[in-house]
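Input: a single structure, listed below in structure tokens.
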Amino acid sequence: MPVVLIVGADGQLLDPVTGQLEAGAFAVLRAPSTQAALAAVRHTSPDAIIVAAALPDLEPAELCRLLRREPRITPHTAIFIAGELPSRDARRAVLRAGASDILGQPLDVAELLLKLDAYVRLKTLAEEMQAASLVDRETGLYNLHGLARRVEELGALSVRAHGALACVVLAIEVEDDQALAEVTAFCAQAIKGGVRHSDVPGRIAAAEFAVVAPRTGADGAIRLAQRLADEMRRRSHDAAATVPSFLLRAGYDSVGNLAYAPGSASDLLVRARRAWHDADAESRLGWIRSFED
């Protein structure tokens, strides 16, 4: 059953919408405020969100921006603004901030149901295509198969350029298994924000991520792991400790000139995965460990 999150305290506007959605086979979540909405999307993944144009604690455009930053809100999640906005600039602001559509007053619930059905179908189709492709459905990163293919492509380029290639594997550990999905989504967003444009990140297991970095040697691999850890710490601080606590370990392997290296580029990924299992306080850098340590 598709899930719709309704944000706002305007009962006169939103109560009839809630009733019609529930009658139309949608599951409805209500959030009276911005903070309640953000808390809701950190624990569930709604298929669509309806935001009242008049919010008690924030402008709709700013809420759209905040929602679009949340890991569980995908590019395919529809966000509707319900009600009249005060100006053309306000309408443009919400659209620029990530709103999918604006529903003016009087609100046509039948039209809303048709639009919701269309958006949910497109979201489902996009996610099914993602799952069948080389992309991890939950994070939008490459999956193991996709990353392995990209490693071979980068390896071929590195061989021709006589260049370096490195792979860093990051493994997360949580005390409560129920927190794994939330922590995984958080780490995926941090990794996306912390890598260079030339780096290729992926999720290779339920609690493992890998980044393949061209033109990167051993020292660069260590700096990459540290940069990603710093990005996670920064985002966790910004989130005011709402992210469940977790431990991070990293392993890496690198080749200075892939043209003269035995084996294939995909061996880097295998060796980096082996390395993180040995990452602990005994290794040279503690939580980061080289395959050769």
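Students sometimes get this wrong: rank H237, H145 by accessible area, probe 1.4 Å, all chains present, largest first.
On the way: H237 150, H145 110 Å².
So, going from the largest accessible area down, we get H237, H145.
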Rounded to one decimal in nm, the spacing of the 7 Å Cα→Cβ label points at R69 and D89 is 2.3
Quick one: accessible surface of R91, probe radius 1.4 Å, all protein chains present, in square angstrom to the nearest 10.
-> 100
Note down the accessible area of E182, probe 1.4 Å, to the nearest 10 Å².
-> 40
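Run through the DSSP bridge list for the chain and note the antiparallel percent, rounded to the nearest 5.
Values: 22 of 43 bridges.
Roughly 50 percent of the DSSP beta bridges within the chain come out antiparallel.
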Heavy-atom accessible area order for M129, M232, largest first, 1.4 Å probe = M129, M232
At V3 and A39, where each label point lies 7 Å from the Cα along Cα→Cβ, what is the point-to-point distance in nanometres?
-> 1.6
For D136 the rounded accessible area (nearest 10 Å², probe 1.4 Å, non-protein molecules ignored) is 30
Those residues of the stretch 1-45 whose amide nitrogen sits under 17 Å from the label point placed on D57, 7 Å along Cα→Cβ | 6-11, 30-43
Label-point separation in nm, H277 to L180, each point 7 Å along Cα→Cβ | 1.7
Report in % the part of the accessible area of the stretch 38-180 that belongs to carbon and sulfur, leaving out ligands and nucleic acids; probe 1.4 Å.
-> 53
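Order H43, H76, H162 by their accessible area, 1.4 angstrom probe, all chains in place, largest first. Let's see the in-between values first.
Numbers: H43 135, H76 70, H162 95 Å².
Of H43, H76, H162, the descending order of accessible area is H43, H162, H76.
Compute the accessible area per residue over the chain, keeping the other protein chains in place, probe 1.4 Å, unit Å². Could you put the intermediate results ahead of the total?
Working: 14390 Å² over 293 residues.
Accessible area per residue, the chain: 49 Å².
The values are calculated or read from the model by the stated rules, or taken from the named source; none is laboratory data. Small disclaimer: the values here were computed from a predicted structure and weren't measured. Positions of Cβ are backbone-derived with ideal geometry, glycine not excepted, and every protein chain shown enters the neighbour counts. To get the accessible areas, we keep the full protein, side chains included, count just its heavy atoms, and leave off ligands, DNA and RNA. Shrake-Rupley method; radii C 1.70, N 1.55, O 1.52, S 1.80 Å.
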